[in-house]
Amino acid sequence: MKIRQKKFCTLLAVLLITVLNACSQAPANGKVVAGSSEDVKKFPDAKPNAYWKTVLSPDAYYIMVEKGTEAPFHNPYWNNHEKGIYVSAATGKPLFSSDSKFESGTGWPSFFKPIDPKAIMIVKDYSDGMVRDEVVERSTGLHLGHVFDDGPAPTGQRYCLDSYALKFVKAK
């Protein structure tokens, strides 16, 4: 009886992994998914994922293209207190300033406002059984993090970003 249960559990696990992997793949017809980071109609600087794989580090690719997340308190910028600006790891465009960075206690770099609100876009994120406001780079559609309404004054916003989606340029 225990051998059958073990085989069943193993088979079920393999089936589940196969289904989840199939659901995460690009469409078989090769068409671009609307609103994805390959959608040049919505994002003027969008590129094929294969391109991003060649220019981004593996960590940045996982965060920005696959919309992953990094471990809290174990990422490059959560505890960075130097003056400067944070630019996109993909395009180098300025996104956030150390002047708007604050300690959120979450383990990710948090900001109360972007340098230029037109450089980012907020889109609905329905992943992981939640509804959140995702922050993407407006020109590419690449994932940067999420924004929440529990930040400090003056905006009340907390842009909770992934370090690997950013590069820090120290002030001179």
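The values are calculated or read from the model by the stated rules, or taken from the named source; none is laboratory data. Only a predicted model underlies this, so the values are computations on that prediction, with no experimental measurement involved. Note that we place each Cβ from the backbone using ideal geometry, even for glycine, and neighbour counts take in every protein chain shown. For accessibility, only protein heavy atoms count, side chains too; no ligands or nucleic acids. Shrake-Rupley method; radii C 1.70, N 1.55, O 1.52, S 1.80 Å.
Within the option set K118, K172, being without any contact (Cβ under 8 Å) to a residue 24 or more places away in the chain, more than 15 Å from I85 (Cα to Cα) and not polar (S, T, N, Q) holds for one residue only, K118. Within the range 80-100, being out of contact with any Asp or Glu (no Cβ under 8 Å at 6 or more places or on another chain), under 30 Å from Y51 (Cβ atoms), surrounded by fewer than 22 Cβ atoms within 10 Å (Cβ to Cβ) and not aliphatic (A, V, I, L, M) holds for N80, G84, G92, S97. Restricted to the range 36-79, and to residues there that are open to solvent by 70 Å² or more (accessible area, probe 1.4 Å) and acidic (D, E), the residue that is farthest from the chain's Cα centre (by Cα) is D59.
Going through the range 105-122 one residue at a time, which ones are open to solvent by less than 40 Å² (accessible area, probe 1.4 Å), closer than 13 Å to F148 by Cβ and not in a strand (DSSP E or B)?
Our first condition is that a residue be open to solvent by less than 40 Å² (accessible area, probe 1.4 Å); within the range 105-122, this holds for 106-107, 109-112, 114, 119-121.
Next, only the ones that are closer than 13 Å to F148 by Cβ stay: 106, 110-112.
Hits for the range 105-122 are T106, F112.
Could you go through the range 83-94 and let me know if any residue there is touching a helix residue (DSSP H, G or I) at 6+ places or on another chain (Cβ under 9 Å), of a type in the set (A, V, I, L, M) and assigned to a strand (DSSP E or B). Talk me through it step by step, then tell me what you get.
Step one: filter the range 83-94 for residues touching a helix residue (DSSP H, G or I) at 6+ places or on another chain (Cβ under 9 Å), giving 83-86, 88-90, 93-94.
Retained after the next criterion (residues that are of a type in the set (A, V, I, L, M)): 85, 89-90.
So of that shortlist, the ones also assigned to a strand (DSSP E or B) come out as 85.
The answer is yes; a qualifying residue exists.
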